[in-house]
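Worksheet: the structure to be examined is printed underneath.
The values are calculated or read from the model by the stated rules, or taken from the named source; none is laboratory data. Keep in mind it's a predicted model, so treat the numbers as computed, not measured. Cβ atoms come from the backbone with ideal geometry, glycine included; neighbour counts cover every protein chain shown.
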Amino acid sequence: KIANIKGLKQGKLKISTVTTVKYFLPKILGMFCQEYPGIDVSLEVLNRNRVLERLQHNQDDIYIMGVPPDTEDVSAEPFIKNTLVIIAPSGHPLAQQKNIPVSALENEPFILREQGSGTRLLVEKLFNELNLQLNVRMELGSNEAIKQAVAGGMGLSLLSKSSVNIDANQNELCILDVEGFPIKRHWYIVRLQDKEVSVLAQTFIDYLLEHVDLLDAKM
Ligand code: PGA
């Protein structure tokens, strides 16, 4: 009977997310689509600035990001943890050290995401708060490219742990044990405050909140 009711929910659900979310959201989305075959989901994967543009233009039902905008017309609900780590090539001299002082980061070249990326915003904010100089070696437009460049010895980077776990070059990379790290943040479900939540959007949000524990261990 429940299956019948679920089958009755029909229509299109538009979601846009920042790039790091692509490492975990599609799996839950797949499960959701199987359970609600009448709901047709589209997912845009963009960097933070581009997701914010879509939000401003009211282009989607739901937005997912790590750094929600700080404005009153937006509601942001944290739903799963976002752990930020510093990655280095496995052979790096700091790789074996414990409790590395943050000041040691100042001597290291860093690889950053492009302007407009939420990940980049967090690195810049962090260095600023710690009063450290950021030594930018290179800017790259994707987390995969950053991992490759770090593995190739170009420098260190800060990424969300969910994007580091993902692929087979893991043994070329390591997570540094830096004082104060990992940094614990959240991923947020963001919506325009004035926009009424559609039944489909609410159905997906409820589903996401009910299933986060499936993902939690990896985050
Ligand atoms: P990004 O976003 O994909 O733009 O770096 C990540 C985030 O918002 O935390």
Condition first: more than 10 Å from the ligand (Cβ to nearest atom) and of a type in the set (S, T, N, Q). Now tell me which residues in segment 36-70 satisfy that. SER42, GLN56, ASN58, GLN59
All but one of (1) within 25 Å of ILE189 (Cβ to Cβ); (2) within 14 Å of the ligand (Cβ to nearest atom); (3) touching a residue at least 40 places away in the same chain (Cβ under 8 Å); (4) crowded, with 18+ Cβ neighbours inside 10 Å hold for LYS81; which doesn't? (4)
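For every residue, the table says whether it meets (1) surrounded by 14 or more Cβ atoms within 10 Å (Cβ to Cβ); (2) within 19 Å of the chain's Cα centre (by Cα).
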| residue | (1), (2) |
| --- | --- |
| GLN115 | no, yes |
| LEU121 | yes, yes |
| LYS125 | no, yes |
| ASN135 | yes, no |
| GLU144 | yes, yes |
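So that you can scan it fast, the table gives a plain yes or no per residue for (1) under 30 Å from ASP194 (Cβ atoms); (2) at pLDDT below 95:
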| position | (1), (2) |
| --- | --- |
| PRO37 | no, yes |
| SER42 | yes, no |
| LEU52 | yes, no |
| TYR63 | yes, no |
| GLU72 | yes, yes |
| ALA76 | yes, no |
| ILE111 | no, no |
Residues (away from the ligand (no atom under 16 Å from the Cβ) and either under 22 Å from VAL18 (Cα atoms) or surrounded by fewer than 16 Cβ atoms within 10 Å (Cβ to Cβ) (or both)) located in segment 175-190: GLU179, GLY180
Can you spot a residue in segment 40-50 that is touching a Leu at 6+ places or on another chain (Cβ under 8 Å), among the small types (Gly, Ala, Ser) and surrounded by 15 or more Cβ atoms within 10 Å (Cβ to Cβ)? no
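Output yes when any residue across segment 186-199 is of a type in the set (Lys, Arg), under 20 Å from the mean Cα position of the chain (by Cα), part of a strand (DSSP E or B) and within 17 Å of ILE86 (Cβ to Cβ), and no when none is.
no
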Within segment 129-155, residues within 11 Å of the ligand (Cβ to nearest atom) and either modelled with pLDDT under 95 or not hydrophobic (A, V, I, L, M, F, W, C) (or both) come out as GLY141, SER142, ASN143
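Kindly establish whether ARG113 is within 16 Å of the ligand (Cβ to nearest atom), out of contact with any His (no Cβ under 9 Å at 6 or more places or on another chain) and closer than 24 Å to THR19 by Cβ.
Yes.
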ASN165 - would you say it is out of contact with any helix residue (DSSP H, G or I) (no Cβ under 9 Å at 6 or more places or on another chain) and not small (Gly, Ala, Ser)? no
May I ask you to say which residue of LEU105, LEU158, LEU121, LEU126 is away from the ligand (no atom under 16 Å from the Cβ) and not small (Gly, Ala, Ser)? LEU105
